[in-house]
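Below is one structure; the comments refer to it alone.
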Amino acid sequence: MVITSKMGIEKKLFEYLKNHELPDYLLYTGAGGTKNWLELDRARTFPVARQLKTLLEKNLESILRFIPTGMSLVSVGVGSGEKEELLLKALIRKNLAETPGSGEVPICYYPVDINSEFVDLALARVRNLPVEKRGVVGFIEDIATFKKNWRLPVLFCILGNTFCNYEPEFILQLVRKTLESGDLFLFDASLLPAEGLEAQSARKSILGTYASRENTLFNMYPLLHYGMNPEDLDFELLLAHVDSRIGSVCRTRKNLHILRDSEITIGAEVIRFRRGDVIRMGFTYKYTCDQITAFLDICGFDILKAFLSEDRTNTIILAKRST
């Protein structure tokens, strides 16, 4: 199912850049976005997604204890589908073990992404698994449209630290509205230690990770793809505190500074930038574990199980709607 076309994405990119804005989701689009993300994910300097995958692998069997048989898998922002492949194989094993002799695995897999190439990659990974597969190209905001095609109940996933790239109450309220009775919510997050020297060290590490050369080029990609040169702009990353209903929360702040007069061409449209212009980009929240728990509580979720890495910098949480 294609809800958002490549043409629609390009139109959004033009409208945003014309207003000196560049939301993060536009970094992942097109063939270049696919290639760049896969390279960034493999980069030694950017271990965020890999660490979360490792945490999932270590705790997969424990997670399965809380997931009933016969659940479909919906994963938004699926990327290459590595973590979803792990989950599906585990769910298949569980289904066959708990319904011996049936030979049936009543699971449907819905990989969702705004980039059709990621959906294709995710589907290709599981082509030989005995599950129904229905890829969706669209935004999480379009969820009501493609929800009509789900086989209930579903395990609704937002993995790879994607949860932290949304405003917390927006994403949690959207997910809660989407879930039916019996559905479950699985997500992960790269954390910020709570306090003390450990937290100060973590902040320096975060800045180093997100300001690495590999991540810098990834954030510049749309402008470079449409005609600018790396020396035409500079990537700025800051950590700031923002107010929320649970108090002060840490969030990255990203900008692209234009260093010389330049222009890009998107389709038939030209956008001109002047030296000194600033393009405002997206953000990533860096929560403590307690802050995520607080947001889940005020947005109407019950935590079934939470898993924390040994160094307390990553978590996976399985939750459901409060009754």
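The values are calculated or read from the model by the stated rules, or taken from the named source; none is laboratory data. Note that the structure is a prediction, hence the values are computed from the model and not measured. When we count neighbours, we look across all protein chains shown, and the Cβ atoms used for this are built from the backbone with ideal geometry, even at glycine.
Just so you know, in segment 231-284 the residues that are basic (Lys, Arg) and outside any loop (DSSP other than H, G, I, E, B) include one that is farthest from the chain's Cα centre (by Cα), and it is 272. Conditions first: (1) touching a residue at least 40 places away in the same chain (Cβ under 8 Å); (2) assigned to a strand (DSSP E or B). Residue 291 passes all but one, so which condition is the exception? The one condition residue 291 does not meet is (2). Taking each residue of segment 171-190 that is over 7 Å from residue 156 (Cβ atoms) and looking for partners that are among the acidic types (Asp, Glu) with beta-carbon atoms closer than 8 Å, six or more apart or interchain, yields 174/141.
Which of the residues belonging to segment 15-37 are surrounded by 15 or more Cβ atoms within 10 Å (Cβ to Cβ) and of a type in the set (A, V, I, L, M, F, W, C)? Matches in segment 15-37: 17, 22, 26, 27, 37. Return the residues of segment 139-170 that are without any contact (Cβ under 8 Å) to a residue 24 or more places away in the chain, within 17 Å of the chain's Cα centre (by Cα) and farther than 23 Å from residue 316 by Cα; say none if nothing qualifies. Within segment 139-170, no residue meets the criteria.
Output the number of residues of segment 54-66 satisfying the condition of being in contact with a helix residue (DSSP H, G or I) (Cβ under 7 Å, 6 or more places away or on another chain) and surrounded by fewer than 19 Cβ atoms within 10 Å (Cβ to Cβ). Working first, answer last.
Looking only at segment 54-66, we keep the residues that are in contact with a helix residue (DSSP H, G or I) (Cβ under 7 Å, 6 or more places away or on another chain), and these are 56-57, 60, 64.
Filter again for surrounded by fewer than 19 Cβ atoms within 10 Å (Cβ to Cβ), leaving 57, 60, 64.
Of the residues in that region, 3 qualify.
Among the residues of this structure, residue 284 does not count as one that is buried (at least 20 other Cβ atoms within 10 Å of the Cβ), at pLDDT 95 or above and of a type in the set (Val, Ile, Thr).
Between 266, 258, 279, which is within 16 Å of residue 220 (Cβ to Cβ), β-branched (Val, Ile, Thr) and modelled with pLDDT under 95? Steps first, answer last, please.
Numbers: 258 fails: modelled with pLDDT under 95; 279 fails: modelled with pLDDT under 95.
Unique residue meeting the criteria: 266.
State whether the residues of segment 47-68 include one that is touching a Ser or Thr at 6+ places or on another chain (Cβ under 7 Å) and of a type in the set (Gly, Ala, Ser). For segment 47-68, residues touching a Ser or Thr at 6+ places or on another chain (Cβ under 7 Å) and of a type in the set (Gly, Ala, Ser): absent.
Can you tell me which residues in segment 55-79 are over 16 Å from residue 109 (Cβ atoms) and among the small types (Gly, Ala, Ser)? Answer for segment 55-79, where residues must be over 16 Å from residue 109 (Cβ atoms) and among the small types (Gly, Ala, Ser): just 62.
Residue by residue, here is whether (1) under 24 Å from residue 26 (Cβ atoms); (2) buried (at least 20 other Cβ atoms within 10 Å of the Cβ); (3) out of contact with any Asp or Glu (no Cβ under 7 Å at 6 or more places or on another chain) holds:
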position: 208; (1), (2), (3): no, no, yes
position: 221; (1), (2), (3): yes, yes, yes
position: 227; (1), (2), (3): yes, no, no
position: 246; (1), (2), (3): no, no, yes
position: 259; (1), (2), (3): yes, no, no
position: 268; (1), (2), (3): yes, no, yes
position: 274; (1), (2), (3): yes, no, no
position: 277; (1), (2), (3): yes, no, yes
position: 294; (1), (2), (3): no, no, yes
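May I ask you to verify whether residue 22 is at negative phi, of a type outside the set (S, T, N, Q) and at pLDDT 95 or above? So residue 22 fits the description; yes.
Which one is surrounded by the most Cβ atoms within 10 Å (Cβ to Cβ) among residues in segment 109-150 that are among the polar types (S, T, N, Q) and part of a helix (DSSP H, G or I)?
116
For segment 156-175, a tally of residues being crowded, with 22+ Cβ neighbours inside 10 Å and either among the aliphatic types (A, V, I, L, M) or out of contact with any Asp or Glu (no Cβ under 8 Å at 6 or more places or on another chain) (or both) returns 7. Here residue 296 qualifies as in the same structural domain as residue 176 (by TED's automatic domain parsing), farther than 15 Å from residue 20 by Cα and either part of a helix (DSSP H, G or I) or in contact with a strand residue (DSSP E or B) (Cβ under 8 Å, 6 or more places away or on another chain) (or both).
Scanning segment 267-319 for residues that are polar (S, T, N, Q) and within 30 Å of residue 182 (Cβ to Cβ) returns 291, 293, 309, 314, 315. For segment 275-285, the count of residues that are at negative phi, outside the structural domain of residue 63 (by TED's automatic domain parsing), out of contact with any Gly (no Cβ under 7 Å at 6 or more places or on another chain) and acidic (Asp, Glu) is nonzero. I want to confirm something. Restricting to segment 176-206 and keeping residues that are modelled with pLDDT of 90 or more and in a helix (DSSP H, G or I), which single residue is surrounded by the fewest Cβ atoms within 10 Å (Cβ to Cβ)? Only one residue fits best here, namely 177.
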